[in-house]
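Some notes on the structure that comes next.
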Amino acid sequence: MSGPREFLTLSGRWVVEARRALADGPTWRGQLFPQMKKLGVDSVPVAVFVAVFTGIVLALLSSYMFTRAIPLYFVGTLVAKAVMLELGPVLTGMALAGRVGANVAAELGTMRVTEQVDALETLAISPHAYLVTPRVLAATLMFPMVTALAMAVGLLSGWFTAVNLLDLTSVEFLRGARQFYNFKDIWFGLVKSASFGMAVATLGCFQGLNARGGAEGVGRATTRAVVLGCQAILVLDAFWALVLL
Amino acid sequence: MIEFRGVSKRFGEKVVLDGLSLVVPEGQTTVLMGYSGTGKSVCLKHVVGLLEPDAGQVLVDDEVVNELDYEALMQLRGRIGYVFQFAALFDSLTVGENLALGLRRRGLDPGAVTARVTESLDLVELPGTESRYPAELSGGMRKRVGIARAIALKPRYILYDEPTTGLDPVTTAAINDLMIRARRELGVTSLVVTHDVRSAFAVADRIAFLHEGRIRRAGTTAEIRATDDPLLREFIEGALTGEAV
Ligand SMILES: Nc1ncnc2c1ncn2[C@@H]1O[C@H](COP(=O)(O)OP(=O)(O)OP(=O)(O)O)[C@@H](O)[C@H]1O
Ligand SMILES: [Mg+2]
């Protein structure tokens, strides 16, 4: 790819193709569940790993901040709010951007440079319907689910840390967590993560399908997919904070 | 009938096709020969709309390929089988699935798909390989699976990109025989790109020689055999005496 003009042409064509592909259910339906498993379920360990440590660090940091003036049970409040509103969706998104973005870009990039994408086209199968749509849908559906799990794990690990390493009882922690709880906290996080999933998968597919020039080109596409995926998450995060909060 | 009318194509500064005109008559086998890197594969890709000409037109059944809308292009691709130079098998699918994908797309029921897959693999002398993955096959076997994938569709047109390169003499003979039978028994119109001069004379009704972006000579097999064009003589004789092409 070179220059903004070519990028615009490619993106414009992409939108047209994406709409047409979505209508072509029979082609992508069979791919959806395998992709949900590959991009979502298989990402659970990474997400849980990130969430456990996020919970621990949040609990420790907030107890350090809340000396004297603020009662210690606010540790629960901060852990809950931070995990649900921000760190759950964003850190999970980042972790998955690495995994999902790289996976998608490398796979589609390899298919592109080995002419498998061309072969699909000659069979009158749209690469958008067969490859892109199921991946984007799967990521859009699975990011929120993995994020929901990560939120739960982050809360639990924060709770566990508070009870075992800080002078806090379960009752106090939960009181803090409930204090300013708002149902919006959860769905705000989940809506965000759905948009992250869509962006990460779309960027991965876009970079992959536009890869050029052998193994090196695939490597470049993969790197770019991950970097752009992470940037997109940060930009979207700010966008949603502006729009929804 | 496939017809190239003054087709020009360049990649960046590199002019590959420069006003190329060629007619591939109905029901015949036309062989396209030429030195490496002269644009033979590029020619084939224009026929199914994988590449678009910068100038000129490619016609299939009197339809201009690069002016077709999406639906019409899909229909056109449904009539054309494409054998890729490097097979371009879907490496995440088994051999059987590779063949079945296009058949299902054309609406065959599962029983008919299985029968057609078996039949096509028999034709390329690879019976019983349905459940193997492309990575487990030799280069020559992959190539033959690629041929099977194209002929399984029973298309009216088949484009072969170097179908016999890298195959042993016995398999080469079998593939030549397959191409001859496709023409004789099914009336398939073929455009065959090959370096293999023996194979070309065995299967061709007409031969065209691509040089510097245009067809330098085209004619019946007998005419090409008797040509006085020094460049073409060198190509043919060099190949027949076993020197490098
Ligand atoms: N997608 C592409 N982008 C840029 N250049 C290309 C592309 N496809 C082909 N080319 C260039 O076009 C020229 C012709 O390529 P092509 O693959 O058609 O050659 P060929 O005649 O099939 O050669 P061979 O016999 O080695 O297969 C080459 O110089 C190649 O580098
Ligand atoms: Mg070639």
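Across peptide B:79-89, what mean number of C-beta atoms from other chains lies inside 10 Å of a residue's C-beta?
Values: counts 1, 3, 2, 6, 2, 6, 1, 2, 4, 9, 4.
Mean partner shielding for this stretch: 4.
Protection proxy ranking, highest mean first, for peptides B:83-89, A:9-15, B:33-39, A:29-35: B:83-89, B:33-39, A:29-35, A:9-15, where packing is the per-residue count of other beta-carbon atoms within 10 Å, averaged.
Centre-to-centre separation between the Cα atoms of segment A:124-150 and those of segment A:221-242: 17 Å. Per atom type, segment A:27-244 shows carbon and sulfur on 73% of its accessible surface, probed at 1.4 Å. Taken over segment A:27-244, the ratio of Cα radius of gyration to 2.2 N^0.38 Å equals 1.17.
Helical runs (DSSP H, four residues minimum) scored at -39500 (n - 2.57) apiece and divided by the length of the protein assembly as shown put the mean residue ellipticity at 222 nm at -19000 deg cm²/dmol.
Look at the dipole of segment A:27-244 built from charges on Cβ: of A:31, A:243, A:221, the Cα furthest out on the positive end belongs to A:243. When the Cα positions of A:7, A:142, B:187 are compared along the charge dipole of the protein assembly as shown, A:142 comes out farthest toward the positive end, with charges on each C-beta of Lys, Arg, Asp and Glu. Straight-line reach from residue B:14: taking Cα to Cα under 24 Å and skipping same-chain neighbours fewer than 8 places apart, the lysines in range are B:40, B:45. Between segment B:61-98 and segment A:32-89, the alpha-carbon centres lie 48 Å apart.
Heavy-atom accessible area per residue, chain B, 1.4 Å probe: how many Å²?
Working: 10430 Å² over 245 residues.
Ligands and nucleic acids excluded, the result is 43 Å² per residue.
Within the shell of other residues whose beta carbon sits under 11 angstrom from the beta carbon of residue B:59, the net charge comes to -4, with Lys and Arg scored +1 and Asp and Glu -1.
Our coupling estimate for segment B:202-208, obtained by passing each phi through the Karplus curve with A = 6.51, B = -1.76, C = 1.60 and θ = phi - 60°, is 6, 9, 7, 8, 10, 10, 10 Hz, Gly and Pro reported as x.
Give the carbon-plus-sulfur fraction of the accessible surface of segment B:87-168 in %, rounded to a whole number; probe 1.4 Å, heavy atoms of protein chains only. Numbers along the way, then the final one.
Working: 1650 of 3170 Å².
Here carbon and sulfur together make up 52 percent of the probe-accessible area.
Protection proxy ranking of A:148-159, A:17-28, by the mean of other Cβ atoms within 10 Å over each peptide's residues and highest first, is A:148-159, A:17-28. Highest average first, the peptides B:49-58, B:185-194 ordered by how many other beta carbon atoms sit within 10 Å of their residues are B:185-194, B:49-58. Around the Cα centre of segment B:90-154, unit charges on the Cβ atoms of Lys, Arg, Asp and Glu (plus for the first two, minus for the last two) sum to a dipole of about 280 debye. Close amide-amide hydrogen proximity is noted between residue B:54 and B:8, B:9, B:10, each under 5 Å apart and 5 or more residues distant or on a separate chain (H modeled in the peptide plane; Pro and chain starts excluded). Electrostatic tally near residue A:205: other residues with Cβ closer than 12 Å to its Cβ, Lys and Arg +1, Asp and Glu -1, net 0. Heavy atoms of the protein chains alone define the surface here; on that basis chain A has 46 Å² accessible area per residue at 1.4 Å probe size.
Shielding value for B:42-52 is 2, the average number of Cβ atoms from other chains within 10 Å of each residue's Cβ.
Only Lys, Arg, Asp and Glu count, each charged at its Cβ (+1, +1, -1, -1), so figure out the dipole size of chain B about its Cα centre, rounded to 20 debye. Don't skip to the answer; put the middle values down first.
Values: 29 positive and 34 negative charges, 47 e Å.
Using Cβ point charges on Lys, Arg, Asp and Glu, chain B gives about 220 debye.
Mind checking how much accessible area B and A bury in total, 1.4 Å probe, in Å² rounded to 100? Please list the in-between numbers first.
Numbers: alone 11280 and 12240 Å², together 21750 Å².
Result for this pair: about 1800 Å² buried.
Overall, segment A:34-136 carries a charge dipole of about 480 debye about its Cα centre when +1 sits on the Cβ of Lys and Arg and -1 on the Cβ of Asp and Glu, all other atoms neutral. Other residues lying with their Cβ under 14 Å from the Cβ of residue A:74 contribute a combined charge of +2, Lys and Arg counting +1, Asp and Glu -1.
The residue among A:174, A:41, A:163 whose Cα reaches farthest toward the positive pole of the charge dipole of segment A:27-244, with charges on the beta-carbon of Lys, Arg, Asp and Glu, is A:174.
On average, how many beta carbons from a partner chain sit within 10 Å of the beta carbon of a residue in A:110-119? Mind dumping the intermediate values first?
Details: counts 2, 4, 0, 0, 7, 11, 10, 3, 7, 14.
Neighbouring Cβ atoms belonging to other protein chains average 6 per residue here.
Backbone phi angles across segment A:141-148, fed through the Karplus curve with coefficients 6.51, -1.76 and 1.60 (θ = phi - 60°), yield HN-Hα couplings of 7, 8, 4, x, 5, 5, 5, 4 Hz in residue order; Gly and Pro are listed as x. Against chain A, whose longest principal axis comes from its Cα atoms, helix A:183-209 is set at around 30 degrees.
Counted over the protein assembly as shown, the DSSP beta bridges are approximately 55% antiparallel.
The values are calculated or read from the model by the stated rules, or taken from the named source; none is laboratory data. Because the structure is a prediction, the values reported are computed rather than measured. Cβ coordinates were reconstructed from backbone atoms using ideal geometry, including for glycine residues, and neighbour counts include every protein chain displayed. Heads up: the accessible areas ignore ligands, DNA and RNA and are worked out on the full protein's heavy atoms, side chains in. Shrake-Rupley method; radii C 1.70, N 1.55, O 1.52, S 1.80 Å.
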